[in-house]
Amino acid sequence: MAETIVVDRPIESPEEDTLGRSHFAKIVASTISRWKGDESLTIALSGPWGTGKSSLKNMILRTLETTGKEAPYVVEFNPWKWPDQNEAAKAFFREVWIALRRIDKTISGSQRAQRWQRYGKLLTLSSEAIDSAIDAIPILMSIAAFLGLTASVISNPTVAIWFALIAAALAAVTSVLRLSGRFASKVSEWIGTLVDEVPLEELKKELKQDLAKLNRPVLVIVDDIDRLNKNETNQLFQHVKANADFPNLMYLLLFQKDIVEKHLTTKSVNGRAYLEKIVDLHFDLPSIDPGRLNRMLFDGLDGLLNNLRGAIAFDRTRWGNIYLGSLHYYFQNIRHIKRFLSTLAVHMELFKSAEAFEVNQIDLIAIETLRVFEPDLHRALSRSQSLLISAQGRDAAAVAAHGQSVKDLLSFVAPERKSAVEELLKELFPSVARVFGGSAYGPDWHARWTTDRRICSSVFFDRYFEFGLREKTTSESDFVALLGATAHREDFVATIREFQGRGLLDAVLARLDDYKEKIPVENTEQFLLALFDIGDDLVDDVGAFVGPHMYVVRAALWHMRRIQPLDRRGEIVIEALKGSQGLSVPARLISGDISRREKADDRSWLLFTEDQLVSAKAVWVVKVSARAAQEPLQFANSPHLLGNLYTWREFADESAPRGWVKELLELPGGALAFLRAITVRSVVHTVGDRVSRDKWTTRLKYLEDFTSIEVIEHKTKEESKGSLTEADVRALQAFEKALERRKAGKSDDSFSDYD
């Protein structure tokens, strides 16, 4: 991944220039190389943050190197790297001193370097002295006040006079120190006389003569000036101003102009005018052609998106709408682009898996743009799933309130960017597009959004805001593997079992609904056999509108609709029924076909011709009869026993299932198995409770459709003498309560007064 991260590092040479600025760099370099003068030349190169000032500086330096002997000696200095400005000043003089030593290693050259070093020490020492003295002012004043107070209370006149004199002296020193400018000058002269026995101005005059003898000028480059605070900025320009009369000394200053002007402005000084007095030549960084910026961004995106395994096809029309409608506002300079590409590269790694890219590339680019440039909005969106992708309801007041809540998200955005963000939200979350004057989208679109891995799908929304998938979430790689397994019955069943073991079965089967159009038609026979095989082990949870078993039935029904003509559908279903041991899924498919005929529903949903329907029922009856006879207790313990018994009665007659139940009750454990099958679970939630609880009830009507209460009472009484499971105890207790209700004359269908 390291090679995909775009580090925000300036380019080093004109050959790396992709923004057409190398020609401008040559012009500035030519200006520098041709300069000759008796005083310093100060050049400013200004431009907004992130527009490539450091890159342009590097191109200027590389160009200067090509001028040979005319090239200046370069000293690069970055004051921002020094937390203390006195240390920064020392570093400045030290760097120039090092350069002077390297420039001329003769005796006169060494003397020139030493003279520069002494000059720098004098300036920095005097500055430190004044700073230290000024820092001591509060202490001196406190001592003076204390001594004055002490003198006033001391009874001995002589001692009191001495305390008063000391206090007065300290006060005088404090007053002198407050005159820092004049005091600094005096102290500098004093230090110069004391250390070198040469006044500062005389030393400076000698240094000018030395520098004038250089065969090439010294170019001091100062970068990142706009990162300094107000005091640091003023001190830096004071240094430049103080040393602006040295021959063969040039400055190239890089900064954002408005920031520096603001820092230089005081009540009595206009920052812009002050800057103009110091700077001799001012170059504004040339603006970048937007087309070149776009190309830089798109080249970076291509590098990240090319050869992305298992990714959704890139929709260039949708990308154009999103980029031109909103995203392009956020990429106004080089730093914006590099910063974004680096962040995107890291997050893309989180969504790469063995077989698929877990999200939609376009949506990821869009939401990462907000993460980088609109962090407050991004944070608000991450908490607004129900607001952004749920149904709005039909009540006018509710619709209005919902719309206002969506619009309130724009409060996190600066006014000048709100229109761009509106366009982006319309594209990312079509369900709320109407709030901003866009189109309305019905529920039929949700499946498509899911298959396209869009952020507006409830399946995928959270992925865009989390670093990786949740523990109980199916990855796209998992689902790609599942779709591939539809070509072979055994592979599909094994894959489903694996998901079941990982606790992901419900999530996987739910998504079959969305991907029904993605399953290859040529896999139909194997796919249907596998669905029939797994169906008998699946149960829909109580209270769930759709559960695992229903998802399998729906997947089979939806897939078979793609098969034409109708008689071919019926052939495939009947062959799968014959080839599988599964009963519950084909039972639902056949019963559904009967119901649709009775209701005169859309015939495009039919699976059988009239003759095939008769055959399908007959085949199912043969299979259920054989299965029930061969493995009666195993058949009785199926979670679909009750459904199978009613379907058996519907497809044949009631005598067959009643006869089988009679035989079952004669087997050890048969009565309890049957009683467990007719004991159903419901979920109740009492007012004041924070969680729901399970309630188990026995519907005596179910029992009486296949046997009698007396027989079950007799058989279960015998079987209850042995070892009982928890499920057996539950069933027996529910049966006893049902009998009590029947004796009390209460309806089997009302359980409101159950415990």
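Quick grid of which residues meet (1) at pLDDT below 90; (2) in contact with a Ser or Thr (Cβ under 6 Å, 6 or more places away or on another chain):
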site	(1), (2)
G181	yes, no
L200	yes, yes
A242	yes, no
L254	no, no
T265	no, no
V269	no, no
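The residue that is farthest from the chain's Cα centre (by Cα), among those in the range 270-281 that are surrounded by fewer than 18 Cβ atoms within 10 Å (Cβ to Cβ) and farther than 19 Å from F24 by Cα, is K277. The criterion of being over 23 Å from L409 (Cβ atoms) and touching a Gly at 6+ places or on another chain (Cβ under 9 Å) holds for D491.
For the range 513-562, taking the residues that are of a type in the set (V, I, T) and either over 38 Å from the mean Cα position of the chain (by Cα) or assigned to a helix (DSSP H, G or I) (or both), the one that is nearest to W605 (Cα to Cα) is identified as V553.
Considered as a group, the residues in the range 282-330 that are acidic (D, E) and assigned to a loop (DSSP other than H, G, I, E, B) include one that is farthest from the chain's Cα centre (by Cα), and that residue is D289.
If I filter the range 431-454 for residues that are under 22 Å from K518 (Cβ atoms), modelled with pLDDT of 90 or more, touching a helix residue (DSSP H, G or I) at 6+ places or on another chain (Cβ under 7 Å) and of a type outside the set (S, T, N, Q), do I get at least one hit? Among the residues of the range 431-454, at least one is under 22 Å from K518 (Cβ atoms), modelled with pLDDT of 90 or more, touching a helix residue (DSSP H, G or I) at 6+ places or on another chain (Cβ under 7 Å) and of a type outside the set (S, T, N, Q), which makes the answer yes.
Within the set A576, A618, the sole residue that is surrounded by 15 or more Cβ atoms within 10 Å (Cβ to Cβ) and either free of Cβ contacts under 8 Å to residues at least 60 places away in the same chain or not in a helix (DSSP H, G or I) (or both) turns out to be A576. The residues of the range 62-77 that are on the phi < 0 side of the Ramachandran plot and in a helix (DSSP H, G or I), listed by number, are R62, T63, L64, E65, K69, E70. Of all residues assigned to the range 351-370, none qualifies as being in a helix (DSSP H, G or I), more than 23 Å from Y441 (Cα to Cα) and in contact with a Pro (Cβ under 9 Å, 6 or more places away or on another chain). Confirm whether E206 is on the phi < 0 side of the Ramachandran plot, over 45 Å from the mean Cα position of the chain (by Cα) and in a helix (DSSP H, G or I). Yes; evaluated as a whole, the condition is true for this residue. Taken together, the residues in the range 462-518 that are crowded, with 16+ Cβ neighbours inside 10 Å, over 30 Å from L577 (Cβ atoms) and at pLDDT 85 or above amount to 2. Only a single criterion out of (1) of a type outside the set (D, E, K, R); (2) modelled with pLDDT under 90; (3) touching a strand residue (DSSP E or B) at 6+ places or on another chain (Cβ under 8 Å); (4) within 22 Å of R115 (Cβ to Cβ) is not satisfied by G192, namely (3).
The values are calculated or read from the model by the stated rules, or taken from the named source; none is laboratory data. Being a predicted model, the structure only gives us computed values, none of them experimental. Quick reminder, even Gly has a Cβ in these numbers, built from the backbone with ideal geometry, and neighbours come from all protein chains shown.
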